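> Take a look at the following structure, please.
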Amino acid sequence: MCGIVGYVGPRNAVEFLLEGLRRLEYRGYDSAGVATLTPQGELGVSKSVGRIAALSEQLECRPLSGSLGIGHTRWATHGPPTQSNAHPHLGGDREIAIVHNGVIENYQALKEDLEIEGYRFRSETDSEVIAHLIDRQLTELIASGNGTPREPAELAAEAVKRAVSRLHGTLGVAAVFRRFPGLLVAARRGSPLVIGVGDGEHFLASDASPLAGYTDKIVYLADHQIAVLTADRLKVTHRETGPIRHRVHTLDIDVQQVELGRYPHYMLKEICEQPQSLADTMRGRLNHEDATAVFGGLNLTPQQLRGIDRILLTACGTSWHAALVGEYLIEEMARLPVEVEYASELRYRNPPMDRSTLVFAITQSGETADTLAAMREMKRKGHPTLAVCNVVGSTAAQESDGGIYLHAGPEIGVASTKAYTSQCLVMALLGLYFGRMQHLSYDAGRRYIDGFRRLPELVEKSLQCQSEAQRIAEKYAHCQNFLYLGRQHNFPTALEGALKLKEISYIHAEGYPAAEMKHGPIALVDEHTPSVFLMPPGFIYDKVLSNVEEVKARGGPVIAIAAEGDRRVAELADDVLYTPAVPEYLQPFTTVVPLQLLAYYIAVQRGCDVDRPRNLAKSVTVE
Ligand code: G6P
């Protein structure tokens with residue numbers, strides 16, 4: 001949802017802005033725009049509805065130059081996706097240009113005040129008030145003369161600070177000023193911003209992916225901080241405490257990770273990257289000697305950890321499915337009760353909990369509004385709250401008491417794939433970790449470790465069903481309804497398979513525990529409704545096989561996800577996708593891969609925009 005980029009330095013700003021916006025496309029958007037301070041000293045703006053490609057063509061016909069600029073991808077909230085509602089917005093008499101991520105809750109009242117004062121609004125957005133408000137604050141500061149800061153950087157930062165203090169809601173804002181060439185101001189409250197530190201140049205973005213290949217030095221802005229960027233200087237101040245010494249981190253994303261390479265879509269690239277991403281998640285986290293897992297950032301003492309007698313996992317979307325996998329794995333390995341809650345529900349619930357409950361917020365982006373709200377609510381109540389997230393420096397990472405990074409690499413496709421399997425792996429490792437603190441034997445710990453170590457190779461084998469998944473997808477792509485059925489460790493996978501299909505192919509799909517079929521879903525079975533059965537080996541196999549019989553008896557097509565060498569299923573099912581035969585605790589990793597591939601190829605067959613599905617955003621930063 002909404003993306004921000006900014007640049008100040010010797011380059012032609014538009015080149016970085018467009019490339020940066022392309023890299024932010026994955027977040028979901030419906031219009032885009034850029035503004036630069038032109039060599040003539042004017043603020044030039046170019047905006048368009050639709051894809052960055054359209055903006056890029058527009059800029060080819062009517063170029064914008066200048067070495068200071070900002071850009072934005074907008075995901076409409078206040079007002080439809082039109083050119084006038086697209087950002088950047090101009091404030092005053094073309095004095096200021098701003099881009100904004102977030103929602104301004106009191107914009108209506110501010111707008112009325114500003115209109116009375118003579119400010120003319122050109123859009124229906126909440127964001128435009130920010131531009132006029134900064135202009136008003138700046139005009140006041142300049143007019144008040146004595147005692148106020150005179151230096152451009154200070155004036156600009158003070159004007160932004162004063163404007164922001166009048167705004168209610170969330171914001172990540174970048175502003176450039178006609179009268180202050182070579183200076184960009186960024187402010188953050190609840191919506192992420194990062195700064196890339198280059199050699200005689202600075203970059204700004206709402207996440208790190210635009211910076212890859214430009215610089216490997218990154219500063220994560222925290223809430224209530226304001227940054228002033230010039231080509232060779234970065235000054236960060238806190239709303240209350242004044243100037244702060246910012247930490248420069250090393251950015252560990254390289255440019256190949258954010259580019260498609262030989263793949264037609266990011267989703268397929270990320271599905272295929274899973275052997276590597278799982279290896280990366282596992283790296284350094286297995287302790288063979290003690291047969292346990294290692295986590296460096298939990299920030300809890302061994303005593304506190306041993307005192308934990310309950311775990312609460314909270315998340316949204318695909319991450320919530322990873323939490324469900326966690327429930328099965330952690331309970332099995334550690335014998336600790338695990339509860340899974342939708343973050344959107346938890347934030348308004350008041351479940352009875354005591355201090356020995358440990359909360360994990362699971363979020364790929366670390367920016368999902370509901371997950372952050374649930375996390376804050378749990379912290380407020382005094383529970384140790386840890387984040388399991390992928391994006392380094394994200395809000396969840398900053399605000400949690402500690403956490404675990406997935407190290408899955410940037411995930412660009414809106415439908416989560418590699419982050420999901422890495423989240424499941426972290427859940428499994430947590431099971432091992434807490435298990436070894438409680439009753440799990442050394443021997444059992446070693447066996448789990450041996451299994452985890454094989455995961456990259458096992459997932460590589462699961463990927464071998466790619467061409468078969470494509471063939472099956474072509475056969476069923478015309479269907480309007482799908483059922484996904486699995487039991488035990490494969491129940492969350494059924495939910496995830498159904499979600500993947502819905503997200504990218506717009507086919508109605510439902511996931512159910514296979515045994516629940518007879519309590520409703522079986523009524524949907526007919527020759528046009530395929531049922532995807534997850535049936536790897538295990539104590540429940542025969543029962544699932546009976547469910548397959550029931551579907552077949554009603555004329556429903558069956559696609560089975562089964563283990564190599566399973567002949568019984570081949571006799572019953574219409575189509576089979578084979579995965580390696582593994583114990584139950586490894587099945588969530590091997591059986592989800594064919595479902596990801598099936599969803600992908602069905603969406604491609606239907607001509608859907610796989611990486612940018614309609615109405616969805618990679619990171620949902622509003623409630
Ligand atoms: C959005 C994305 C999903 C994701 C969910 C939670 O809906 O489209 O792919 O699973 O948000 O995101 P998070 O970043 O918190 O894991």
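The values are calculated or read from the model by the stated rules, or taken from the named source; none is laboratory data. No experiment lies behind these values; they were computed from the predicted model shown. Positions of Cβ are backbone-derived with ideal geometry, glycine not excepted, and every protein chain shown enters the neighbour counts. SASA here: full protein model, heavy atoms, side chains in, ligands and nucleic acids out. Shrake-Rupley method; radii C 1.70, N 1.55, O 1.52, S 1.80 Å.
> Over the heavy atoms of Lys518, what accessible area does a 1.4 Å probe trace out, to the nearest 10 Å²?
Estimated to the nearest 10 Å², Lys518 gives 120 Å².
> Tell me the GluC sites (Glu not before Pro) within the stretch 235-300 that lie in a loop according to DSSP and have at most 12 other beta-carbon atoms within 10 Å. It would help to have the intermediate numbers written out before the result.
Numbers: sites: Glu240, Glu259, Glu270, Glu273, Glu289; in loops: Glu240, Glu259, Glu273, Glu289.
Qualifying residues, ordered by number: Glu240, Glu289.
> Give me the compactness ratio for the stretch 308-410, meaning the Cα radius of gyration over 2.2 N^0.38 Å. The partial results should precede the final answer.
Values: Rg = 12.4 Å, N = 103, 2.2 N^0.38 = 12.8 Å.
Relative to the 2.2 N^0.38 Å estimate, the stretch 308-410 comes out at 0.97.
> Name the long-range amide H neighbours of Gly511: under 5 Å, sequence gap of 5 or more, or other chain; modelled H, no Pro or chain starts.
Tyr484
> Which is the longest part of the chain that has none of the chymotrypsin sites (Phe, Trp or Tyr not before Pro) sitting in a DSSP loop with at most 12 other Cβ atoms within 10 Å? Don't skip to the end; give the middle numbers.
Working: sites that count: Tyr348, Phe539.
Maximal segment without exposed cleavage sites: 1-347.
> Treating the Cα atoms of the stretch 370-529 as identical point scatterers in vacuum, please give the log10 of the normalised Debye intensity I(q)/I(0) at q = 0.17 Å⁻¹, two decimals.
Scattering profile of the stretch 370-529, log10 relative to I(0): -1.26.
> What number comes out for accessible area per residue over the chain if the probe is 1.4 Å? Units Å², please. If you can, show how the numbers build up before the last one.
On the way: 23520 Å² over 623 residues.
Counting only protein heavy atoms, the per-residue value for the chain is 38 Å².
> Rounded to two decimal places and with Rh computed the Kirkwood way over Cα pairs, what is Rg over Rh for the stretch 1-150?
Details: Rg = 15.6 Å, Rh = 15.8 Å.
Rg/Rh for the stretch 1-150 comes to 0.99.
> Do the sum for the chain: with -39,500 (n - 2.57) for every DSSP H run of n ≥ 4, divided by all residues, what is the mean residue ellipticity at 222 nm, to the nearest 500 deg cm²/dmol?
Working: 21 runs with 225 residues, N = 623.
One gets -11000 deg cm²/dmol as the mean residue ellipticity at 222 nm.
> A further question follows. Which far-off residues, 5 or more places away or on another chain, put their amide H under 5 Å from the one on Leu577, with H placed in the peptide plane?
Ala560, Ile561, Ala562
> Running Debye on the stretch 510-623 with equal point scatterers at the Cα sites and no solvent, what base-10 log of I(q)/I(0) appears at q = 0.12, 0.17 Å⁻¹?
-0.51, -0.92
> Please compute, for the alpha-carbon atoms of the stretch 265-370, the extent along each of the three principal axes and give them in descending order in Å.
Computed over the Cα atoms, the extents are 45, 40, 24 Å.
> Provide, as a two-decimal number, the C-alpha radius of gyration of the chain over 2.2 N^0.38 Å, N being how many residues it has. If you can, show how the numbers build up before the last one.
Numbers: Rg = 25.9 Å, N = 623, 2.2 N^0.38 = 25.4 Å.
My calculation over the Cα atoms of the chain gives 1.02.
> When the convex hull of the C-alpha atoms of the stretch 354-437 is computed, what volume per residue in Å³ does it have?
Numbers: hull volume 7.5 nm³, N = 84.
It is 89 Å³ per residue.
> How far apart, in nm, are the 7 Å Cα→Cβ label points at Ser441 and Thr250?
Between Ser441 and Thr250, the simple spin-label model gives 4.3 nm.
> How far, in degrees from 0 to 90, does helix 13-23 lean away from the longest principal axis of the Cα atoms of the chain, to the nearest 10?
20
> Can I ask one more? Please go through the stretch 210-263 and write out the trypsin sites (Lys or Arg not before Pro) that DSSP classes as loop and that have at most 12 other C-beta atoms within 10 Å. Walk me through the numbers before you get to the answer.
Numbers: sites: Lys217, Arg233, Lys235, Arg239, Arg245, Arg247, Arg262; in loops: Arg233, Arg239, Arg245, Arg247, Arg262.
The qualifying sites are Arg233, Arg245, Arg247, Arg262.
> Sticking with this one: Please report, to one decimal in angstroms, the Kirkwood hydrodynamic radius of the stretch 215-276 built from all distinct Cα-Cα pairs. Mind dumping the intermediate values first?
Values: mean 1/r = 0.0679 Å⁻¹.
Value: 14.7 Å, from the Cα pair sum.
> While we're here: Mind pulling the per residue volume of the convex hull built on the Cα atoms of the stretch 397-474? Å³ is fine.
Numbers: hull volume 10.3 nm³, N = 78.
Roughly 132 Å³ of hull volume per residue.
> Shape verdict for the stretch 107-220, please, from the Cα gyration tensor: rounded (a/c under 1.5), prolate (a/b greater than b/c) or oblate.
Numbers: a/c = 2.40, a/b = 1.46, b/c = 1.65.
Verdict is oblate for the stretch 107-220.
> Ok, one more. Under the √(5λ) rule applied to the eigenvalues of the Cα gyration tensor, what semi-axes describe the equivalent ellipsoid of the stretch 315-375? Give them in Å, descending. Intermediate values should be presented prior to the final figure.
On the way: eigenvalues 73, 47, 16 Å².
They are 19, 15, 9 Å, listed largest first.
> Straight-line reach from Lys502: which lysines have Cα under 29 Å away, leaving out those fewer than 8 places along the same chain?
Lys269, Lys418, Lys461, Lys475, Lys518, Lys543, Lys552, Lys618
> Going by alpha carbons, how many degrees (0 to 90, nearest 10) lie between the helix axis of 369-380 and the longest principal axis of the chain?
So the inclination is approximately 90 degrees.
> Give the lysines reachable from Lys217 as a straight Cα distance under 19 Å; neighbours fewer than 8 places away on the same chain don't count.
Qualifying lysines at Cα under 19 Å: Lys235.
> Counting pairwise Cα distances across the stretch 1-58, what percent come out greater than 15 angstrom? Mind dumping the intermediate values first?
On the way: 768 of 1653 pairs.
That tail contains 46 percent of the Cα-Cα pairs.
> Using modelled backbone amide H atoms (1.01 Å from N, in-plane), which distant-in-sequence or interchain residues come within less than 5 Å of Thr292's amide H?
Under 5 Å from the amide H of Thr292: Asn287.
> How many percent of the alpha carbon pairs in the stretch 517-568 exceed a separation of 16 Å? Please list the in-between numbers first.
On the way: 493 of 1326 pairs.
Tail fraction, whole percent: 37.
> By how many nm would the segment from Met353 to Glu15 lengthen if fully extended, with 0.36 nm per residue of separation less the alpha-carbon distance? Don't skip to the answer; put the middle values down first.
Values: separation 338, 0.36 × 338 = 121.68 nm, distance 5.23 nm.
Full extension of this stretch gives 116.4 nm more.
> I'd like the carbon and sulfur percentage of the solvent accessible area for the chain, probe radius 1.4 Å, heavy atoms only, ligands and nucleic acids excluded. Present the calculation step by step, with values, prior to reporting the outcome.
On the way: 11240 of 23520 Å².
Reported share for carbon and sulfur atoms: 48 percent.
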